Amino acid sequence: MYIIAGLGNPTKEYDRTRHNVGFAVIDKLAEHYNIDVSDRKHRAYCGKGAIEGQRVLLLKPQTFMNLSGESLRSALDYYKEEPENLIVIYDDISLAPGQLRIRLKGSAGGHNGIKNIIAHLGTQEFPRIKVGVGEKPPRMDLKDYVLSHFSQREQKLMDEAFEEAAQAAVMMICEGADRAMNHFNMKKKTQEDKQ
């Protein structure tokens, strides 16, 4: 079974902020594959179902971002799954809004949710889908930035990115991570690039 975890912060005030892109992608997968993500287990909202014949658990940790590892460790232990059967979806400020990057392993890169997951799993080797949310403006505090909402223009890009990230997760479990990386890791052309 694959565990697909989207990172974010619980409660309405964080809904649709930059830090909650993982939740938005899980919502897309739940919608497309008719999976109810309302069970309260593993300190998360979760739901079991099937994606193209593959058994999956969709997971939205409710621990707050910086403690995401507690929830993921609990789910992996309960289902006796290895970290390579986990896909973590989260925000990345080093990528332009809507840009995707799939990786099979790597450091936390300053992301506290990923730092906590690495600490709880004892490994950096787990697949992940990074969803670009854009660089922090120079004089803005990082915490304020990741907890901010998207502009109208950005939101359109992000809605497309949530669909693409959901497709990337499906391709990873059905056709393998290498295929998904080749397909989704290409830099998207922005409006500026096209002119």
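Being assigned to a strand (DSSP E or B) and charged (D, E, K, R) is the filter here; which residues of the range 48-84 pass it?
The answer is LYS48, ARG55, LYS60.
Test each condition in (1) closer than 25 Å to ILE118 by Cβ; (2) of a type outside the set (S, T, N, Q); (3) under 14 Å from the mean Cα position of the chain (by Cα); (4) open to solvent by less than 30 Å² (accessible area, probe 1.4 Å) for LYS60 and report the one that comes out false.
So the condition that LYS60 fails would be (4).
Assess whether TYR45 counts as being more than 14 Å from PRO127 (Cα to Cα), part of a strand (DSSP E or B) and aromatic (Phe, Trp, Tyr).
In short, yes.
Could you please let me know if ARG139 is outside any helix (DSSP H, G or I) and either touching a residue at least 60 places away in the same chain (Cβ under 8 Å) or in contact with an Asp or Glu (Cβ under 8 Å, 6 or more places away or on another chain) (or both)?
No.
Scan the range 101-111 residue by residue and report those that are open to solvent by less than 50 Å² (accessible area, probe 1.4 Å) and either among the acidic types (Asp, Glu) or out of contact with any strand residue (DSSP E or B) (no Cβ under 6 Å at 6 or more places or on another chain) (or both).
GLY106, ALA108, HIS111
Pick out the one residue from ALA177, ALA169, ALA161 that is at pLDDT below 95, out of contact with any Asp or Glu (no Cβ under 8 Å at 6 or more places or on another chain) and open to solvent by less than 60 Å² (accessible area, probe 1.4 Å).
ALA177
Filter the range 23-57 down to the residues that are touching a Ser or Thr at 6+ places or on another chain (Cβ under 9 Å) and at negative phi, then identify the one that is surrounded by the fewest Cβ atoms within 10 Å (Cβ to Cβ).
LYS41
Check ILE87, ILE102 and return the single one that is assigned to a strand (DSSP E or B), under 19 Å from LYS115 (Cβ atoms) and in contact with a Lys or Arg (Cβ under 8 Å, 6 or more places away or on another chain). Spell out the reasoning first.
On the way: ILE102 fails: under 19 Å from LYS115 (Cβ atoms).
So the residue among ILE87, ILE102 that is assigned to a strand (DSSP E or B), under 19 Å from LYS115 (Cβ atoms) and in contact with a Lys or Arg (Cβ under 8 Å, 6 or more places away or on another chain) is ILE87.
Do we find a residue being under 14 Å from ALA166 (Cα atoms), in contact with a helix residue (DSSP H, G or I) (Cβ under 7 Å, 6 or more places away or on another chain) and touching a residue at least 60 places away in the same chain (Cβ under 8 Å) anywhere in the range 29-39?
Yes, the range 29-39 contains a residue that is under 14 Å from ALA166 (Cα atoms), in contact with a helix residue (DSSP H, G or I) (Cβ under 7 Å, 6 or more places away or on another chain) and touching a residue at least 60 places away in the same chain (Cβ under 8 Å).
Given LYS130, LYS115, LYS156, which one is within 20 Å of PRO61 (Cβ to Cβ), assigned to a helix (DSSP H, G or I), of a type outside the set (Phe, Trp, Tyr) and open to solvent by 30 Å² or more (accessible area, probe 1.4 Å)?
Exactly one residue qualifies, and that residue is LYS115.
The values are calculated or read from the model by the stated rules, or taken from the named source; none is laboratory data. Because the structure is predicted, anything quoted here is derived from the model rather than measured. We place every Cβ from the backbone using ideal geometry, glycine too, and count neighbours over all the protein chains shown. Protein only, heavy atoms only, side chains kept; ligands, DNA and RNA dropped before computing areas. Shrake-Rupley method; radii C 1.70, N 1.55, O 1.52, S 1.80 Å.
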